[in-house]
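Report on one structure; see the data block that follows.
Read the figures in this text as sums done on the coordinates, not as results from a lab. Just so you know, these numbers come straight off a predicted model, no measurement behind them. Don't worry about glycine lacking a Cβ; one is built from the backbone with ideal geometry, like all the others, and counts go over all protein chains shown.
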Amino acid sequence: MTTERTRVAIVGAGPAGLLLSHLLAQAGIDSIVLDSRSREEIEHTIRAGILEQGTVEILSSTGASDRVLTEGNRHDGIELRFAGAGHRIDFAELVGRGVWLYPQHEVLRDLIAVRLAAGADIRFGVTADRVEDAAGDRPRVVATDAAGEPLEIEAEIVVGADGSRSVVRAAVTGSQTGGYFREYPFAWFGILCEAPPSADELIYSNSPDGFALISQRSATVQRMYFQCDPEVDPESYSEEQLWEELQKRVPGTTLNEGPIFQRDVLRFRSFVAHELRRGRVALVGDAAHTVPPTGAKGMNLAVADVVVLERALRALLLEGDERLLDDYAETALHRIWKAQHFSWWMTSMLHVAPDASDFDRLRQLGELRSVVESEAGRRYLAEAYTGWPLEGLA
Ligand SMILES: Cc1cc2nc3c(=O)[nH]c(=O)nc-3n(C[C@H](O)[C@H](O)[C@H](O)COP(=O)(O)OP(=O)(O)OC[C@H]3O[C@@H](n4cnc5c(N)ncnc54)[C@H](O)[C@@H]3O)c2cc1C
C-alpha cells in the first residue's frame, strides 16, 4: 500500500471538489483531488445549467472561469405558465439580480483547465473506498487507483465532495444513508435537441397533463424536461411521442423541434445528511444534500457550501483557529434548508401528483395565482431563484 500525504484530501472532482481545491490553492493550501471517473467523462456529463448570480461572481472573481461571463447567457426573468396564460417573474425589477445559463460541464472544463495549469494534483480514475480515522488528527482516504492498486492518502482534513452516492458520508454520519430523506412520485424526462431556442427565457409550465420546463443550452441546442413516471424507460418513447408530450404541456407556444441527441430520466429526491462534519472530515455539495431540480439549486448549493468550508479551512490550516470549522455545519445548513424548502415548494406547486384530486388541482392554481398576483410572492420567488447573497458567508 502506497501512502501519500497532503493538507486536504478531496474526494470528487465535481464542481464542489474542484472549486474547493482552487480556492484553497489561492490561499496557499495544497490538496489532492481524487475522482473515480476520467477527465473525459467528467467533462461530458450533462447536468445543471442555471448559475445563481453569487455562483457566477465566485467563479469569475477568483479566476475559476472567465468564459462564464463571455459565453454564458444572463437571464433576468422566467415565465410561470398555468391555466392558459404566462406570467413573467422579472428578477431585475424585483431584486436587481439575475441568473446565468452556463452548463455544468463547461464549468467543469474551466475548473479542470485552471487547476491543471496551476500544477494541481488531480487523480482521475482513482476510487475512494472508505475514510479511516475520521475522528483523529490524520484521517486517511483508502482508495484504489486506475490499475487496481491500493492507495492511501493521509491528510489534515478529508472532504467528501463525492456526490449523492458519497462513500465519505459513512465516516461522518455512521452510514451511507444517514440523513433526512424524501422521494417524489415523479421524475423528469430530459432531452437535448438540435434546434434554436423556443423562447427567450425559461418557461416553467404547470398543465393538466403535468409539468414541463422549456430551457436552452445555446443558440443551437435546447434542453427541455417533462414530468414522467420515475420507472419509465427513456428509450420507450419515439421522438414523435416526446415532442407530443412536450408540446401539449406548453399550450400557446410552438416548440422548435430538431433531432434529439440525448435523453435521460432524472429521479426526484430531497436529502440532507444528519451530520456534515465529524472531526477532520466534512461533506460538501451533493454528498451533503440533494434537492429536486425544479429550483435549480443543486450546483449552486454546492458552491455555497464550498465558500463556507474554504473559509473555515483557511482559518484552521493557516492560523490554527478551529472555531469556523466548528460552525461549518450550522452555517451551511441555514442555506441548505432554505434551498430545500424552495426546491420542494417549486416542485409541489408546479407538478401534478399522480393521486391529485380536483381539490388539489384547484388549490394549486390558487397557489400559483397567489404568487404571480402579489409583488411579495413574485419577489420571494425571484430572491430564492437568483440566490440569497453569499457575502455573509465569505
Ligand atoms: C439531470 C440533472 C440536472 C440538474 N440540473 C440542475 C440545475 O439546473 N441547477 C443546479 O444548480 N443543479 C442541477 N443539478 C444538480 C447538480 O448537477 C449537482 O447538484 C452538482 O453536480 C453537485 O456537485 P458536486 O460536486 O457536489 O457533486 P457531483 O457533480 O456529483 O460530483 C461528484 C464527483 O465525485 C466522484 N465520485 C463519486 N464517488 C466517488 C468515489 N468513491 N471515489 C472517487 N470519486 C468519486 C464522481 O465521479 C463525481 O465526479 C442537476 C443534476 C442532474 C442529474
> Measuring from centroid to centroid over Cα atoms, what is the spacing of region 347-384 and region 169-212 in Å?
Replying inline: 17 Å
>> Counting only helical runs of four or more DSSP H residues, what would the 222 nm mean residue ellipticity of the chain come to if each run contributes -39,500 (n - 2.57) and the total is spread over all its residues?
In response: -11000 deg cm²/dmol
> Going by average Cβ neighbours within 10 Å, how do the peptides 340-347, 8-15 rank, with the highest at the top?
Replying inline: 8-15, 340-347
>> What does the net charge come to around Ile78 if you take all other residues with beta carbon closer than 12 Å to its beta carbon, with K and R at +1 and D and E at -1?
In response: -2
> What distance in nm separates the simple spin-label points at Glu41 and Thr220, each placed 7 Å from Cα in the Cβ direction?
Replying inline: 2.9 nm
>> Let me check I've understood the local charge: for Ala195, count other residues with C-beta under 13 angstrom from its C-beta, Lys and Arg +1, Asp and Glu -1. What total comes out?
In response: -1
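Quick one: net charge around His334, please, counting Lys, Arg +1 and Asp, Glu -1 for every other residue with C-beta under 12 Å from its C-beta.
Net charge around His334: -1.
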>> Among 122-128, 283-289, 215-221, how do they line up by average Cβ neighbours within 10 Å per residue, starting with the highest?
In response: 283-289, 122-128, 215-221
> What's the FRET efficiency of Ala118 with Asp358 using the Cβ-Cβ distance as r and R₀ = 56 Å, to the nearest 0.05?
Replying inline: 0.40
> With a ≥ b ≥ c the root eigenvalues of the C-alpha gyration tensor of the chain, is it rounded (a/c under 1.5), prolate (a/b larger than b/c) or oblate?
Replying inline: prolate
